[in-house]
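**Q** Mind having a look at this structure? Questions to follow.
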Amino acid sequence: MAEPVKLYNGGVYLVDGKTIISEESVSGAMQDAPQLPNPDAAREGTIAYGILAEHNTSGDMGRLRLRFDALASHDITYVGVIQTAKASGMTEFPVPYVLTNCHNTLCAVGGTINEDDHVFGLSAAKKYGGIFVPPHIAVIHQYMREMQAGCGKMILGTDSHTRYGALGTMAIGEGGGELVKQLLRDTYDVAYPRVVAVYLEGAPAPGVGPQDIALAIVRAVFDCGYVKNAVMEFVGPGVASMPTDYRNGVGVFTTETTCLTSIWRTDEDTRSYLAEHGREADYRELNPAPVAYYDGCVRVDLSAVRPMIALPFHPSNAYTIEELNANLEDILHEVELRAAEVGGGRASLSLLDKIRPDGRLQVQQGVIAGCSGGNFTNVMQAARVLKGKTCGNGEFALSVYPSSQPVFLEMASNGAAFDLMQAGAIVRTAFCGPCFGAGDTPANNGLSIRHTTRNFPNREGSKPGNGQLTGVALMDARSIAATAAAGGVLTAATDLPEDVWDERVSYHFDASAYEHRVYQGFGAAEGERDLVYGPNIKDWPDMEPLAENILLRVASKIMDDVTTTDELIPSGETSSYRSNPLGLAEFTLSRRDPEYVGRAKAFAAVEAQRLEGRLAAAVADAFSAAQQGEPAASLGNTEMGSMIYAVKPGDGSAREQAASCQRVLGGVANIVEQYATKRYRSNVINWGMLPLQSDDAPQFEVGDYVFIPGVRKAVEAGKERFAGHIIRNGQVSGTIDLYMAPLTADERQIILDGCLINFNRNKK
């Protein structure tokens, strides 16, 4: 069977929303279609261009300064955002800011700290005029889809899966610093991005779900970086073959391509979705112009997509279930080899022992949850498969988390919840835990199939450093339900009769759960109110501005191809500490490099002595070596901080703590080959660290030093290249060429000031 996804070399013209003319053939096409404009003019014909132009305040489409229509955070991130904005002078929320509580609701760490954050969030919504969604009511992205997204809007959220493109909204997931800027009426600054067409044609086969479509796309684009930091614009006749809720399931997964955001053409089905949610006024038709130019094209034959499975440890490690079953031993063996690397000699994952005597794969757990899996369409299809069936009473267990109380209400009303529960599935409330390792963690050496968003190492809750390792494979709810009906034997949804499937499910949205529980405070700030602090909620510690020179201690060196934010700061139960910067920092790199925290804290103590005018004996030789090459370097003008080297860090979550934890431990810089995502690099910058890059292979080891003289003047002058001197055993042992990709004037000043908080304070 032909591959369902084709990538074009170079740009393409899209004519009348139907005809693709590749840039390679334009010279010939021009003879037959002389109306084709030049690419620069035709770029303005994309949906993305129109929305970005409406939200740009700079007057220069090359350098965007965007203001968003709404903001969203959950209870892992909103405390830090509000604390930062408060310290920066915020007095009220200038746009609707939705605070949801879908991450720290079931984290079993003991004590009051989770609920204390929720009380803080409600007090902030009242004080500053926000919208507060209590625990178990909705996961963040489902609420935003139901109540905030609309055609032509832009939304910024502190979660990487902030994607509402199927509703005509360009939504971006970023770290908390970028939301703070919006709360202070500043802008989101970014160069005009590449816009890549995702041209859909055909229609999904019965039993093929949105996760299958998404995994097929991720498999095709991730490794080559085809859409990295680009806008994915979904066009073509195939869009109409999918109901809007189905499209939502594809759209939310575009984050795993490392794109900046995504947007879809809209149609009457979009209108119907918004109308059902009481917001028909938020509909408008969005289509590319009769001629639009795209910087690339991902062509997807929906009819050729088959049920997919993404094996541990990345969504791009995807196969059709048919491919896996045909090559079961070879493919599983490759995963075991990768698991051995992840386990680092402390843990291993065995998958070959899960092959049954009949040659089929036995799975231990299934989960349908979160912003991708818990959609109404998905849970209804699962209920349809399991009606009158059984999950069995063996080791396989199935959990289903509807993405909001309105979805749950409809399931209760139409009998779907009954059908699932009667079959042995456990139906739970809205919660994101299975997506980030705080719920339904499988047993050691278990294999879990999940309609969630990620299956990175350490993300599902296992702790390889403690000898506990499990595996998560991503699948669509339809195939998970088919597997559940087979007692956990891996089964593709397309193995069931076609008449099982009907994606056009009837849905009635009942807003009463929101009307009766959600605090709607936008435009009604009560500034005289006090914030309610639990004992674990702490202010950010003070951070110093960048000195004239920096002496960096290498605190960790990670040579993996990609380092995820889940490795930089583990998810799961640690999320409960995210309102305590120093408390959370104790977990930094704990599952990847457990010695990092001790190294960073030891060097932070050296910097503390320097600020008191004392040179620590431990660094005397290194500092003397630095002075030999730079006699003007003194104790007073040379900052001493830790540094992490990683090849490609930042894939995954938007949470700023991946950077802020380094900073509060005394981190001053990252040195990398490349940043996996814009959002992680932005987090590094907003927390006052230098986002350094190098094309050189690192000739330093943990414990060595990198001395960069004159760095402050260089940043002030807008220089992008730096010379670093490697110091080992008290001697300069070599040099490293360093550079920073272009920074805006504000980004340079944030680094100079030491962090975004200082930057905002200094502006007053």
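The values are calculated or read from the model by the stated rules, or taken from the named source; none is laboratory data. The structure displayed is predicted, hence computed values, not measured ones. Neighbour counts run over all protein chains shown; Cβ positions are idealised from the backbone, glycine included.
**Q** Would you mention how many residues in the range 331-359 are touching a His at 6+ places or on another chain (Cβ under 9 Å) and exposed (fewer than 14 other Cβ atoms within 10 Å of the Cβ)?
**A** 1
**Q** What do you reckon, is residue 75 more than 21 Å from residue 196 (Cα to Cα) and among the acidic types (Asp, Glu)?
**A** yes
**Q** With the condition being at pLDDT 95 or above and among the aliphatic types (A, V, I, L, M), I'd like the helices (runs of 4 or more DSSP H) fully within the range 628-737 carrying at least 2 qualifying residues.
**A** Those helices (runs of 4 or more DSSP H) span 678-686, 711-716.
**Q** Which one of these does residue 523 not meet: (1) under 30 Å from residue 203 (Cβ atoms); (2) out of contact with any helix residue (DSSP H, G or I) (no Cβ under 8 Å at 6 or more places or on another chain)?
**A** Checking residue 523 against (1) under 30 Å from residue 203 (Cβ atoms); (2) out of contact with any helix residue (DSSP H, G or I) (no Cβ under 8 Å at 6 or more places or on another chain), the one that fails is (1).
**Q** Now for a different question. Would you mention how many residues in the range 410-467 are in contact with a strand residue (DSSP E or B) (Cβ under 9 Å, 6 or more places away or on another chain), under 18 Å from residue 480 (Cα atoms), not in a loop (DSSP other than H, G, I, E, B) and not small (Gly, Ala, Ser)?
**A** Count: 10.
**Q** Only residues that are under 20 Å from residue 435 (Cα atoms) and aliphatic (A, V, I, L, M): list them for the range 247-272, please.
**A** Once the filter is applied, which keeps residues that are under 20 Å from residue 435 (Cα atoms) and aliphatic (A, V, I, L, M), the range 247-272 yields 250, 252.
**Q** Same structure again: Would you say residue 651 is under 26 Å from residue 732 (Cβ atoms) and either of a type outside the set (A, V, I, L, M, F, W, C) or not assigned by TED's automatic domain parsing to the domain that holds residue 74 (or both)?
**A** When the stated conditions are applied, residue 651 does not pass them.
**Q** Please count how many residues of the range 468-513 are under 23 Å from residue 365 (Cα atoms), in a loop (DSSP other than H, G, I, E, B) and among the charged types (D, E, K, R).
**A** Total meeting the criteria: 1.
**Q** Say we look at the range 64-92 and pick out the residues that are modelled with pLDDT of 95 or more and more than 23 Å from residue 140 (Cα to Cα); which of these is surrounded by the most Cβ atoms within 10 Å (Cβ to Cβ)?
**A** For the range 64-92, the residue satisfying everything is 64.
**Q** For the range 187-227, enumerate the residues that are surrounded by 18 or more Cβ atoms within 10 Å (Cβ to Cβ) and part of a loop (DSSP other than H, G, I, E, B).
**A** Within the range 187-227, 187, 193, 194, 204, 207, 208, 209, 222, 226, 227 meet the criteria.
**Q** Do we find a residue being surrounded by 20 or more Cβ atoms within 10 Å (Cβ to Cβ) and either under 23 Å from residue 144 (Cβ atoms) or free of Cβ contacts under 8 Å to residues at least 12 places away in the same chain (or both) anywhere in the range 26-47?
**A** Checked against the condition, which is being surrounded by 20 or more Cβ atoms within 10 Å (Cβ to Cβ) and either under 23 Å from residue 144 (Cβ atoms) or free of Cβ contacts under 8 Å to residues at least 12 places away in the same chain (or both), the range 26-47 yields at least one hit.
**Q** Condition first: closer than 20 Å to residue 276 by Cβ and part of a loop (DSSP other than H, G, I, E, B). Now tell me which residues in the range 514-551 satisfy that.
**A** 518
**Q** Going by the conditions given, is residue 68 of a type in the set (A, V, I, L, M, F, W, C) and in contact with a Leu (Cβ under 6 Å, 6 or more places away or on another chain)?
**A** Spelling it out, residue 68 is indeed of a type in the set (A, V, I, L, M, F, W, C) and in contact with a Leu (Cβ under 6 Å, 6 or more places away or on another chain).
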